[in-house]
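Read through the structure below, which is laid out as structure tokens, and then see the notes.
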Amino acid sequence: MPLTLNIQLAADAPRGAAIGIGVLSTSKGPQLPPGVSLSAATLKGRGFEAKLGQTLAIVGRGGTQILVGLGDTGSLTVDSFRTAAAALARASYNETTLVTALVDAAPGRLDRAGVAQAVTEGLLLATYVFTPYKSKPTSRPLTQVVLTGRRGRIAAQGVATGQLVAEAAALTRDLVNEPAMTLTPKRFAELATTVGATHGIEVTVWDENDIERERLGGIRGVSLGSDEPPRFVKLTYTPKGAKGKVPTIALVGKGITFDSGGLSLKPNDGMLTMKCDMAGAGAVLGVMSVLTRLAPQCRVTGYLCITENMPGPSAFKLLDVLTARNGKTVEIHNPDAEGRLVLMDGLSLAVEDKADAIIDLATLTGAAIVALGNDMCALLCNNAAFRTQILDASERAGEDMWHLPLYKKYRKHLDSSIADMKNIGLPMQAGTIVAGLFLEEFVDGRPWAHLDIAGPAFTSNDEGLITRGGTGFGVRTLIETIMNFKAPSPK
Ligand code: BES
Ligand code: MN
Ligand code: ZN
């Protein structure tokens with residue numbers, strides 16, 4: 001859904017607007033800026049300690065002031081401003097206009113464009129709503145935020161970037177929130193085509209016949225149990241006026257529009273959220289949609305591996321053997337481990353296209369949720385320099401991740417008696433790592449990172465930056481990685 005909150009940079013505040021005020025905490029309590037007349041006792045009485053993201057609304061004769069905690073000055077990061085802005089937007093829901101000089105509350109050691117970007121993202125991400133299926137959609141009064149303080153090109157640039165990041169995340173969230181009944185593989189591919197035409201990205205769509213002819217055996221195999229035909233989509237962004245050879249980064253997304261588990265059918269509770277199983281491909285499309293406007297200096301290719309996983313009469317069966325695009329064969333021991341099967345074709349194609357680095361995103365394993373919970377994703381990576389680029393980007397973007405090893409000793413868990421490998425490892429043993437080792441078979445040693453976003457892609461929470469449903473996880477880190485990308489040397 002379009003983002004309805006308008007964000008502007010202006011020198012003067014419009015009259016009658018609520019005022020958002022960032023407050024640092026100190027050992028002596030909250031440090032109130034001039035113009036706020038509240039006693040320390042009142043603040044204490046109302047429980048406001050200026051902890052990061054804490055808010056307090058003060059309604060007075062002069063209008064409404066909303067205090068938002070920033071925490072203590074020593075631990076302020078760019079991401080603190082994203083968190084504070086999200087809290088401020090939530091506390092201002094019932095105002096129509098909010099004015100804040102939050103960007104200027106940042107200490108000089110923090111990158112000013114980055115802070116303006118983070119504030120913009122926080123405001124927009126926290127106010128996202130998805131209402132197409134409400135017969136009576138409610139809307140929030142808040143429609144405008146004016147960022148005051150020192151202006152200038154740097155802050156304006158940050159705001160513009162933040163708006164694009166939030167737009168990309170909103171597209172991803174819309175795609176994830178859309179029911180599987182309407183977001184079929186065919187429809188997903190059509191939307192990708194529209195995104196490409198609107199935003200100057202080259203798009204190629206392969207239908208079920210192309211998929212078979214081009215030997216994408218994983219996507220085809222998984223699709224067999226569904227009446228909905230699969231799609232494979234390739235998107236390409238090429239920087240304008242790029243001189244000589246520019247590096248290429250490939251983004252590969254798992255696009256299972258519904259994961260029933262196939263013949264190994266999931267129970268109701270496990271299946272309940274499985275419209276979200278295309279969140280990886282959704283994030284890739286979200287990112288691609290803003291690249292011409294962000295104008296990074298590298299080429300970016302996106303590969304969306306899209307199909308349903310259903311248990312229909314033609315479904316692929318246990319102990320069937322599928323052949324991936326790169327020729328490797330896989331014996332199916334569990335049709336519910338389908339994500340890796342569609343990704344193996346996408347990764348093979350990224351290798352054929354000679355990408356300098358590859359990132360795949362996938363709601364791949366329940367084991368990642370067991371290991372890390374819902375607030376961070378698992379990162380598996382075969383290249384130290386590339387891993388550092390991604391971890392640095394994720395820190396600035398405020399998307400948490402933790403690195404797990406591609407532990408070679410567990411490769412034998414995938415050994416098959418008749419094919420090159422099985423599609424699952426051993427029960428209860430390092431499921432996320434073994435899935436990573438499976439994917440590694442298809443990257444031919446190129447610098448590659450796998451983000452298992454099974455935990456953070458979809459949520460029942462409604463707080464801070466996220467609202468119930470799709471979260472857009474990965475979009476911010478991918479954009480930050482792309483904007484700073486340097487081709488890593490292959491090990
Ligand atoms: N899409 C699921 C993983 C998932 C679980 C995503 C929960 C989001 C929330 C994936 O296709 C799956 O079913 N994985 C299996 C793999 C197993 C059969 C090896 C799992 O994790 O149980
Ligand atoms: Mn599955
Ligand atoms: Zn799945």
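The values are calculated or read from the model by the stated rules, or taken from the named source; none is laboratory data. All values derive from a computational prediction rather than experimental measurement. When we count neighbours, we look across all protein chains shown, and the Cβ atoms used for this are built from the backbone with ideal geometry, even at glycine. The accessibility values were calculated without ligands, DNA or RNA, using every heavy atom of the protein model including side chains. Shrake-Rupley method; radii C 1.70, N 1.55, O 1.52, S 1.80 Å.
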With an 8 Å cut-off on Cα pairs and a minimum separation of 6 or more residues, tell me the relative contact order of the chain in percent. 15 percent
Aspartates and glutamates within cross-link reach of Lys44: Cα-Cα under 14 Å, excluding same-chain residues under 8 positions apart? none
Taking the mean number of other Cβ atoms within 10 Å as a proxy for protection, how do you rank 43-53, 288-298 from highest to lowest? 288-298, 43-53
Can you compute the modelled spin-label distance between Lys412 and Thr131, with each label point 7 Å from Cα toward Cβ, in nm? 6.0 nm
Near Lys240, which lysines are there with a Cα under 25 Å away, not counting those fewer than 8 places off in the same chain? Lys354, Lys486
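Under the rule a/c < 1.5 gives rounded, and otherwise a/b versus b/c splits prolate from oblate, where does region 1-106 land using the Cα gyration tensor?
oblate
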Return one number: the angle in degrees, 0 to 90 and rounded to the nearest 10, between the long axis of the Cα atoms of helix 384-397 and the longest principal axis of the Cα atoms of the chain. 40 degrees
Karplus (6.51, -1.76, 1.60) ³J(HN,Hα), θ = phi - 60°, over region 167-179, in Hz, Gly and Pro reported as x: 5, 4, 5, 5, 4, 4, 5, 4, 5, 5, 6, 5, x
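When N is the residue count of region 122-187, what does its C-alpha Rg come to as a fraction of 2.2 N^0.38 Å?
1.46
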Where does the charge balance sit around Thr184 when Lys and Arg score +1, Asp and Glu -1, over other residues with C-beta under 13 Å from its C-beta? -3
Anisotropy class of region 332-491 from Cα gyration tensor, a/c 1.5 cut: oblate
Relative to the present Cα-Cα distance, how much length would full extension add between Lys245 and Leu318 at 0.36 nm per residue of separation? 21.7 nm
Looking only at aspartates and glutamates whose Cα falls under 13 Å of Lys266's and that sit 8 or more positions away or on another chain, we get Asp336, Glu338
Kindly rank 114-126, 316-328, 74-86 from highest to lowest mean number of other beta carbons found within 10 Å of each residue. 114-126, 74-86, 316-328
Over the C-alpha atoms of the chain, what are the Rg and the largest Cα-to-Cα span, Dmax, in Å? 23.5, 79
Region 279-341: relative contact order from alpha carbon pairs under 8 Å, six or more residues apart, as a whole percent, is 24 percent
If I compute solvent accessible area with a 1.4 Å probe over the protein chains, what percent of it on the chain is carbon and sulfur? 53 percent
In degrees rounded to 10, the 0-90 angle between helix 112-126 Cα long axis and the longest Cα principal axis of the chain is 80 degrees
Got the relative contact order for region 196-285 handy, in percent, Cα pairs under 8 Å and 6 or more residues apart? 25 percent
Find the accessible area per residue for the chain; the probe is 1.4 Å, ligands and nucleic acids are left out, and the unit is Å². 42 Å²
